[in-house]
Amino acid sequence: MGATDIWASFILSLLTNVIILSGSISFIIWLEELSNSWIKRFRPALEVILCSLYFTYLWGESWLNSAVAPEAFGLHWAFLNMLIVSSFLVNVYLKLWLEAFFESALMLTYVSVYSTHFSFLTMMFSLGFIGVIFVSYHWGADFFKRPWLMYLGMDAMAFVSIGLIATMFKTPFDPYFWLRQITALVILSIVGIEYTLATTRVLQKNQQTAELADLDGLTLLKNFTKFDEDLTAAYDHYQSNQEPYAVFEFDIDLFKQVNDSYGHLVGNTVLKAVAQETAHFAASTPFQTTAYRIGGEEFCLILKADCSDQVLAASLANQIRRRISHLSFNVDDSTISVTVSVGQANSRPDQYNAHDIYKLADRSLYMSKERGRNRVTLEGQTITPTNQKIS
């Protein structure tokens, strides 16, 4: 094979590897970002299986190039380059301990089976490979924050991997071979690192945009669209796993009078204070609780717990009612306070869709308002501030 043919083959192989590497990174990132409930549940196992198959293929092809067809060295160890770059980036990005363990085990198996002359250097480079895998798995997040660490880690992976193969097999002394090998590895490393970093930045920006779209602009609580989405997810989860949840809905009593008497700026101040108190309450509960502003002066909580016990439900509802009633606002020379009416409902097997629980909580809320305000109604049973039930 002439020099022109060798370099033409080198360029073609390099372009192929760049496309395969970029496609592999895109596939892993796409799989990581999928929101399908089944994918979310089995994603780690699926990622480990797919990545393990991919690395088994790369190790196998690298062995074929180096053991079965030594003349393939003239084609710059294409699969070894892919193995070096992919091994590092997968561990940095996915941070799956089982995948890191599999890669280390695969390397040790490869060395024990195919090493033609095992030496002290082979052992040291094997330990070095495992060390880089360990570091990239544990400190991958720091690598993303400091790209120079990413390049340093990739250099370390390249050094121990090439050193390992060089101690296992007879290596060529052709300087043009090493020029092709190192050139290809540098190009693939830069493409892999920069493509991963750029794609991750775009995804983070998109995620931030999506999160902002889920927030109410005034109070920064999650908005009705997100409430509807989370309510549907809770309902689906309840249907499949029977994990109960509850909805607490409340609104500010006579809020229109606040706006009419003191103006909308004061009204906005009240809304933000109530929202902040609601968020603090959600964070203080022993259950997974999310707070929402679903419109106007209306707020909601989705609480992942069994609140069918009226004592527990009443305690939670009265806590939020009392916390808000203790808020005070200085307006000119006067001080004002507000109260809220609360309605609550629980998940039930006879609910036909996600909105049934919300309708029941909404109906209970209006019972609280009709029966005097500043009250709690639990699925149709109203409790006065003195805990006396009203049928």
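Quick check on the range 208-231. Is at least one of its residues aliphatic (A, V, I, L, M) and farther than 30 Å from Glu298 by Cβ? Scanning the range 208-231, I find no residue that is aliphatic (A, V, I, L, M) and farther than 30 Å from Glu298 by Cβ, so the answer is no. For the range 61-80, check the following and say yes or no: at least one residue is outside any helix (DSSP H, G or I), surrounded by fewer than 18 Cβ atoms within 10 Å (Cβ to Cβ) and either more than 18 Å from the chain's Cα centre (by Cα) or at pLDDT 80 or above (or both). Taking every residue of the range 61-80 in turn, at least one turns out to be outside any helix (DSSP H, G or I), surrounded by fewer than 18 Cβ atoms within 10 Å (Cβ to Cβ) and either more than 18 Å from the chain's Cα centre (by Cα) or at pLDDT 80 or above (or both).
Considering the range 257-344, the qualifying strands (runs of 3 or more DSSP E), each wholly inside and each with 2 or more residues that are open to solvent by 20 Å² or more (accessible area, probe 1.4 Å), without any contact (Cβ under 8 Å) to a residue 24 or more places away in the chain and in contact with a Lys or Arg (Cβ under 9 Å, 6 or more places away or on another chain), run over 288-295. For the range 203-240, the set of residues classified as among the aliphatic types (A, V, I, L, M) and outside any helix (DSSP H, G or I) consists of Leu215, Leu218, Leu220, Leu221, listed by residue number. In the set Val247, Val202, Val191, only one residue is surrounded by 13 or more Cβ atoms within 10 Å (Cβ to Cβ) and either at pLDDT below 85 or in the same structural domain as Ser22 (by the TED database) (or both); that residue is Val191. Does Leu179 fit the bill of being surrounded by 17 or more Cβ atoms within 10 Å (Cβ to Cβ) and more than 19 Å from Leu301 (Cβ to Cβ)? Criteria not met by Leu179. Looking for something in a helix (DSSP H, G or I), open to solvent by less than 20 Å² (accessible area, probe 1.4 Å), at pLDDT 90 or above and more than 25 Å from Tyr110 (Cβ to Cβ) - is there at least one such residue anywhere in the range 154-161? No, that holds for no residue.
May I ask you to verify whether Arg373 is free of Cβ contacts under 8 Å to residues at least 24 places away in the same chain and open to solvent by 60 Å² or more (accessible area, probe 1.4 Å)? When the stated conditions are applied, Arg373 does not pass them. For the range 376-391, the condition holds for no residue, the condition being that it is surrounded by 14 or more Cβ atoms within 10 Å (Cβ to Cβ), small (Gly, Ala, Ser) and at negative phi. The set of residues in the range 32-52 being in contact (Cβ under 8 Å) with a residue 24 or more places away in the chain and farther than 16 Å from Phe101 by Cβ consists of Glu32, Glu33, Ser37.
The values are calculated or read from the model by the stated rules, or taken from the named source; none is laboratory data. As the structure is a computational prediction, the values presented were derived from the model and not from experiment. No Cβ is skipped: glycine too gets one built from the backbone with ideal geometry, and neighbour counts run over all protein chains shown. Ligands, DNA and RNA are excluded from the accessible area calculation, which covers all protein heavy atoms including side chains. Shrake-Rupley method; radii C 1.70, N 1.55, O 1.52, S 1.80 Å.
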